[in-house]
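One structure is given here, and the rest of the page talks about it.
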Amino acid sequence: MAIAFNSATSTNGDASSFTFSHTPAGADRILLVYIAYKDSTDAESTVVFNTTESLTRLSQGSYGATQFGSLWYLLNPTATTANVVVTLTTAERAAIGAVSYTGVEAIETGNFSTTSGQDTNPLNSITTVNSDSLAVHALSVRDRSTGFTDDVNWTLRYTDNSLGNPSNRTAFSRGYDRSTPTIGSYTTDTTIDAVEAWVSILAELRAAPAISGGTFGFIM
């Protein structure tokens, strides 16, 4: 079964709790949540969907005291319209996105790549371990006025940014994906128009196996 994009939603603000609606649908679902904010401290507490379905954090990263980013996941969330609730230990000016896909058997928890830096080229790469995987990219970038030139090999599924002053506490959260028809190395090469701190997380979604069918007959 091929992995397919389902839907994306996002929110932003200055708070310790963020609530927004999302609708996973289809077979073999996965829900991913990407979080971005300007801080050096892990301020994340919980991410929950549909009141009781808790997400697990796959990876997190930070650049100095400047930028934080993370990726959370939930396999087979309930197929319904419900709230994603992100709870932090302290108020942050954050930007958060939720992305769901169908046709996913699992996220490869032993195969992801997290990088960070402060420049104009948030480079990262992942070597997939399965054919027909989908690589997903959670990108956290400081400053809401940044301009992006996206890698043409990746599809942008959402972009959101936190608002308010001071401007140096704002952040972008952006989510991308890319199909990987063969096992190999895949690089993301998005560029930004100013030197900014960033955190990049790449992960691999493994496709659910195809269900073979056939015609059955009986000989009397």
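The values are calculated or read from the model by the stated rules, or taken from the named source; none is laboratory data. The model shown is predicted, which means the values in this text are computed figures rather than measured ones. Every residue, glycine among them, receives a Cβ derived from its backbone with ideal geometry; neighbour counts consider all protein chains shown.
Condition (residue is under 27 Å from I211 (Cβ atoms) and in contact with a Lys or Arg (Cβ under 8 Å, 6 or more places away or on another chain)) applied to the range 107-114: is it met by at least one residue?
Residues of the range 107-114 under 27 Å from I211 (Cβ atoms): 107-111.
If we keep only those that are in contact with a Lys or Arg (Cβ under 8 Å, 6 or more places away or on another chain) as well, we get 107-108.
For the range 107-114, residues under 27 Å from I211 (Cβ atoms) and in contact with a Lys or Arg (Cβ under 8 Å, 6 or more places away or on another chain): present.
Could you check how many residues of the range 24-44 are loosely packed, with under 14 Cβ neighbours inside 10 Å and either over 22 Å from N161 (Cβ atoms) or of a type in the set (D, E) (or both)?
First, pick out the residues of the range 24-44 that are loosely packed, with under 14 Cβ neighbours inside 10 Å: 25, 27, 40-42.
With the extra rule that they be either over 22 Å from N161 (Cβ atoms) or of a type in the set (D, E) (or both), the set shrinks to 25, 27, 42.
Qualifying residue count for the region: 3.
Okay, residues lined up against (1) buried (at least 16 other Cβ atoms within 10 Å of the Cβ); (2) among the aromatic types (F, W, Y):
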| site | (1), (2) |
| --- | --- |
| N76 | no, no |
| G97 | yes, no |
| G103 | yes, no |
| F112 | yes, yes |
| L123 | no, no |
| R169 | yes, no |
| Y176 | yes, yes |
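Hey, T146 hits all of (1) closer than 18 Å to G69 by Cβ; (2) of a type in the set (S, T, Y); (3) in a strand (DSSP E or B) but one; which does it fall short on?
(3)
Which members of the range 87-143 meet the condition of being of a type in the set (F, W, Y) and over 26 Å from T19 (Cα atoms)? Outline the logic, then answer.
Here is the first cut: in the range 87-143, the residues of a type in the set (F, W, Y) are 101, 112.
The answer is F112, and nothing else.
Taking the criterion of being more than 22 Å from L205 (Cβ to Cβ) and in contact with a helix residue (DSSP H, G or I) (Cβ under 9 Å, 6 or more places away or on another chain), would at least one residue in the range 63-82 satisfy it? Can you show your working first?
We begin by selecting, within the range 63-82, every residue more than 22 Å from L205 (Cβ to Cβ); these are 63-68, 81.
Narrowing the set further to residues that are in contact with a helix residue (DSSP H, G or I) (Cβ under 9 Å, 6 or more places away or on another chain) leaves 66.
Yes.
Among the residues of the range 188-214, count how many are over 17 Å from the mean Cα position of the chain (by Cα), at pLDDT below 95 and not in a strand (DSSP E or B).
The total comes to 9.
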